[in-house]
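Working notes for the structure below.
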Amino acid sequence: MSLPQALTTEPGTFWLRRATLDDVPAVVDLIANDPLGRMREIRSGDLTPYVRSFHAIDSDPAHLLVVAVDDADAVVGTMQLTLIPGLARQGALRAQIETVRVREDCRSLGLGRAMMRWAIDESRRRGCALVQLTSHKKRTYAHRFYARLGFENSHEGLKLVL
């Protein structure tokens, strides 16, 4: 694994590292800090469900939760990389990128782009044939961001909330 990794941006260097249990509150804050997240996430109080999920992610080598931190080790970004084996595409391994977030005051600095480039390179290093992600239809700004990185809107995604 190529972590920690320096992410060089216009204003300076951030560091990408594997998330720790101590990072969970900051990661939850990032996830909850938008209109969709505010409807779904709990920012304060009992973080037990998030801690349980963190342990499941952290203990499974097919999953990697990373955080981007500044010089003070404050969490300013996060994303999850999941490797999915499949029979399609001649048994290809694919990477799923989830929950990409950058703290509001660190947006438009090139950090998100650097994080995504790292995820793509890491997916390639791990032998993936493709990288995929989903983004809510209301996140049009995110769609433009991913398109600039070369992602194509190739499929229609469907979900069933249980």
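Listed values, structure above:
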| item | result |
| --- | --- |
| Helical mean residue ellipticity (222 nm; -39500 (n - 2.57) per DSSP H run of 4+; nearest 500) of the chain | -9500 deg cm²/dmol |
| The chain, relative contact order in percent, only Cα pairs under 8 angstrom and at least six apart counted | 19 percent |
| Along principal axes, Cα extents of the range 5-148, largest first, whole Å | 45, 37, 31 |
| Trypsin sites (Lys or Arg not before Pro) restricted to the range 1-88 and DSSP loop, no more than 15 other C-beta within 10 Å | 43 |
| Ranked by how many other beta carbons lie within 10 Å on average, peptides 115-124, 69-78 from highest | 115-124, 69-78 |
| Calculated FRET value between residue 22 and residue 109, using beta carbons and R₀ = 25 Å, to 0.05 | 0.55 |
| Simple spin-label estimate for residue 42 and residue 82 in nanometres, 7 Å along Cα-Cβ | 2.1 nm |
| Charge sum, other residues only, whose C-beta stays under 15 Å from residue 18's C-beta, Lys/Arg counted +1 and Asp/Glu -1 | -4 |
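Every number here is computed from the coordinates shown, using simple stated rules; none is lab data. From a predicted model like this one, the values you see are computed outputs, not experimental measurements. Here Cβ is always computed from backbone atoms with ideal geometry, including for glycine, and neighbour counts include all displayed protein chains.
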